[in-house]
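Single-structure report; data block below.
The values are calculated or read from the model by the stated rules, or taken from the named source; none is laboratory data. Source: prediction; values computed, not measured. So basically every Cβ, Gly included, is an ideal-geometry build from the backbone, and we count neighbours across all protein chains shown. Just the protein is used for accessible areas: all its heavy atoms, side chains included, with ligands, DNA and RNA removed. Shrake-Rupley method; radii C 1.70, N 1.55, O 1.52, S 1.80 Å.
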Amino acid sequence: MRRRVLGAVNAAAVFVALLVVWQAIIWIFHVAPYMLPPPLAVLKAAGARLPLLLNALSLTAAEAAGGLAASVVVGIAIALFFARSRWVRRMLYPYTLLLQTVPIIAIAPLILMWVGAGMPAVTLIAFIISLAPIIANVTQGLISVDRNLVHLFLMHNASPAQVLFKLRLPHAVPALFVGVRIASGLAVIGAITGELYAGSSRVGEGGLGYSILYASTQLQTDYLFALVAAATVLGFGFVFLVMILEWYFLYRWHESARTLETD
Amino acid sequence: MNAAEVAVPMVELSGVTKQYGNGPAVLSPLDLEIHKGEFVTLLGPSGCGKSTLLKLIAGLTTPTSGTIRVDGLTPKNAREVLAFIFQDPTLLPWRNVLENVCLGLELEHMARERRVKKAGELLELVRLEHVAKVYPRELSGGMKMRVSIARALATNPRLLLMDEPFAALDEMARDRFNEEILRLREEQKWTAVFVTHSVAEAVFLSTRIMVLAPNPGRVHAIFPVALGFPRTAALRSTPEFDAMAVKVSRALRGAIAA
């Protein structure tokens, strides 16, 4: 516990040091505020437009959460299908790699064309970008069950449903969380990127991505910084939430959770 | 045991061969009868097909030709009388010890209350009742193996198949497990087919030892073990035990050279 407090204090000290360096750079090199606003100005800009900022933050959070939830559900479903046979995997697995390699910025205009601007389009982009790690990790988790364990289940005349729910799915939970942790960061990035293209076009109704774009065209650099900070906090919050869930589900039995417990 | 029960062998193999795909034969035609109450050990070098033989009896793989009967039934229909103990404890890490022992009963749809009671009894039998709520990662290798044994015995098997269950343990632990397994057999009266590389283990446990030769797997020699039961640790330092071990070792060397 003492070590954990010490760690938090150290992390806070690094943050303060960064702020000092930031302010020092502005003083020493006389940087114009529209190029690099001082930390206090960023805080003020955030305070002045707090309702707008929170609105953008909650919209982006909802889009990212929606996209992530959809990719968890769809990803598990696809993984269950992939786990059924090697033949299916060989045929379809390469296409999940496409999901990962497709430049989301390049297809965003297409989605905009098909779905129209707004929350559904952005959620769809967050979904697409966060799907691949779920499929890959859950599939791996489902098929990497010890052969002897499968034999053990067969020896007790286990039904396919019993093998799935009592063996394969529980075995895949750690891998699922690895996938969700990666996907949660991607979903936030996907939502913000998506908003750059497909966010709502009305001022005050866009999410973080749209607001960033708007603030940059208006040269509101201080508010832009505040938005970037909010986006970072959002991404961190997502990953942190997933890590808490992961710990909750795994701490009793899984080796990965044990280090969290005793640190 | 009445006469009718004795009449049906626990395991009966006739003309059994096994070949994977178009590869070389793993087992050449094999005839084998194991009677109720026997403790038969399959001993042999790698590649003699002893694990394959065990899997055939368990119905986890099918013979290329020949027939297998377990308690008069096909292996797949005889699964209720069978239990298998693997070389690794193969516990489910997300279940605690008690839930692991319950697994077989659960898969066979025994009511929760009854299976917990039954599993509790088994944990007492292997002297692990104090770790019922502990997860496998907290256990030593030996304790995990005892959980694995309790799980196998929970379904009241009449034929216990063991594939080198103690190979990963150190020699002292292995000796203790050998004594333990005979004590459990004394209480529960199952028939056993046991696979091992260790001559001492084979002699200590068995009523009959089958030495197998490799490429393709076949019976090289059979030794009835005329040492009486109950057997205790003291048996290992008797001249009878040594004489038997020497005979079996010699046959094993012959099997490797063959």
Between 0 and 90°, nearest 10: helix B:112-125 axis offset from chain B longest Cα axis: 60
Cβ-Cβ FRET estimate between A:Gln162 and A:Gln23, R0 fixed at 56 Å, reported to 0.05: 0.35
Cα-centre dipole for chain A with unit charges at Cβ (Lys and Arg positive, Asp and Glu negative), debye to 20: 700
Rg and Dmax [Cα atoms of the protein assembly as shown; Å; Rg one decimal, Dmax integer]: 32.2, 105
Computed P(r) (all Cα pairs; region B:3-257; 10 Å bins; percent): 7, 30, 35, 22, 6, 0
Within region A:222-258: backbone nitrogen closer than 17 Å to the A:Leu6 label point (7 Å, Cα to C-beta): none
Inter-centroid distance (Cα atoms) of region A:86-127 relative to region A:132-185, Å: 25
Stokes-Einstein D for chain A, Kirkwood Rh over Cα pairs, 20 °C, 1.002 mPa s (µm²/s): 102
Relative packing of peptides A:156-164, A:133-141 - highest average C-beta neighbours within 10 Å first: A:133-141, A:156-164
Note, ³J(HN,Hα) from phi for region A:88-101, Karplus 6.51, -1.76, 1.60, rounded to Hz, x at Gly and Pro: 4, 4, 4, 6, 10, 4, x, 6, 6, 5, 4, 4, 7, 8
Inter-label distance, nm, simple model (7 Å from Cα along the C-beta direction), A:Glu255/A:Tyr93: 2.3
³J(HN,Hα), Karplus 6.51/-1.76/1.60, whole Hz, each residue of region B:192-207, x for Gly, Pro: 10, 10, 10, 10, 7, 9, 9, 5, 4, 4, 4, 5, 5, 8, 8, 9
Selected from B:Met210, B:Met145, B:Met172 as most flexible by GNM, with chain B as the system and alpha-carbon contacts under 10 Å: B:Met172
For B:87-98, mean number of other protein chain Cβ atoms within 10 Å: 4
Whole-Hz couplings from phi, Karplus 6.51/-1.76/1.60, listed for region A:227-233; x for Gly and Pro: 5, 4, 4, 4, 4, 5, 4
Test item: Cα-centred dipole of the protein assembly as shown, Lys/Arg +1 and Asp/Glu -1 on Cβ, debye: 260
Distant-in-sequence amide H partners of A:Gly118 (H built 1.01 Å from N, under 5 Å): A:Gly199, A:Ser200
R0 of 22 Å, Cβ-Cβ distance B:Leu227-B:Arg127: FRET efficiency to nearest 0.05: 0.30
Given charges at beta-carbon only (K, R positive; D, E negative), |dipole| of region A:57-173 in Debye: 500
Averaged over B:73-84, number of beta-carbon atoms from partner chains that fall within 10 Å: 2
Region B:73-168: radius of gyration over Cα atoms, expressed as a fraction of 2.2 N^0.38 Å: 1.03
Accessible area that becomes buried as A packs against B, both chains, 1.4 Å probe, Å², nearest 100: 2300
Rounded Å value of the spacing that divides the Cα centres of region A:28-52 and region B:238-256: 87
